[in-house]
1. To the nearest 0.05, how large is the calculated FRET efficiency for T108 and F88 if R₀ is 35 Å and r is the Cβ-Cβ distance?
2. Between F130 and R75, take the C-beta separation as r, use R0 = 25 Å, and let me know the FRET efficiency to the nearest 0.05.
3. Treating segment 91-132 as a set of equal point scatterers at the Cα positions, no solvent, please give the Debye-formula log₁₀ I(q)/I(0) at q = 0.20, 0.27, 0.29 Å⁻¹.
4. Hey, rough spin-label estimate for A67 and L216, points 7 angstrom out along Cα→Cβ, what's it come to in nanometres?
5. Give me the dipole magnitude in Debye, nearest 20, for segment 2-231 about the Cα centre, with unit charges on the beta carbon: positive for Lys and Arg, negative for Asp and Glu.
6. What's the ranking of 195-201, 30-36 by average number of surrounding C-beta atoms within 10 Å, highest first?
7. Roughly what % antiparallel, to the nearest 5, for the DSSP beta bridges in segment 2-231?
8. Ranked from highest to lowest mean number of other Cβ atoms within 10 Å per residue, what is the order of the peptides 175-185, 46-56?
Amino acid sequence: MLEVEKIATYYGQSQALFDVSLKVGEAEVVTLLGRNGMGKSTTIRSIMGLVPVRLGRITFSGKEIQALPSYGIARKGIGLVPEGRQIFPNLTVRENLLVTAANHTQSTSPYSLDDIFTIFPRLADRLTHFGNQISGGEQQMLAIGRALMTNPRLLILDEATEGLAPLVRQEIWRGLNILKTKGLAILIVDKNIKALMDIAARHYIMEKGEIAWSGLTSELINSPEIQRHYLGI
């Protein structure tokens, strides 16, 4: 579904990504791992057209997207849950969800508010609360719900559970597992390695702007030296 091929991304004259390649297949859950500052968010921003790709190419469903504006990439069927959530603080939970509602991918069963509340029941109790009146965990659930209301074929989460309490993290992972069972392709950046290995089939690890390692969950579980060297576990 998504194929990133040897992309190079720069901030001014400084190169941030070096020949980064990765793939996410239909209905597959894949992670992008690494310590802070290794290029994970830049890779996500490159996929979404938020920073220009100078070399390489990115294809989605067989069509190149690296030259498209961000809104054009979103309309192709990629939903982003950005780092920091970035919900609308002066809109209610209901308004945050409805403002992004669209079906550009022509889904035969588009997401409704009830679907979002099934995945994240807490949001149903916060429907009339403004974005700045709900907890950080509820904001993250709202950010995921907002992305789902665009009816993406691929969901990308940048720091899915960063800074959240353990019980709230469990709710996020439970919701993502529901999406996995529905066959939604997901690319996740997060530091909760155990939860990621429970949900994902494959993993990419970044080091200094490059893909340093990639492999299956079973390979990562059985490679404590890889976990220790690249992830500090």
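1. So the FRET efficiency works out to roughly 0.75.
2. Numbers: r = 28 Å, r/R0 = 1.11.
Efficiency, rounded to the nearest 0.05: 0.35.
3. Log10 of I(q)/I(0), two decimals: -0.64, -0.96, -1.03.
4. 3.9
5. 220
6. Packing order, densest peptide first, comes out as 30-36, 195-201.
7. The antiparallel fraction comes to roughly 55 percent.
8. 46-56, 175-185
Values quoted throughout were computed directly from the atomic coordinates according to the rules given, and no laboratory measurement underlies them. All values derive from a computational prediction rather than experimental measurement. In this analysis, Cβ positions are derived from the backbone assuming ideal geometry, glycine residues included, and neighbour counts consider all displayed protein chains.
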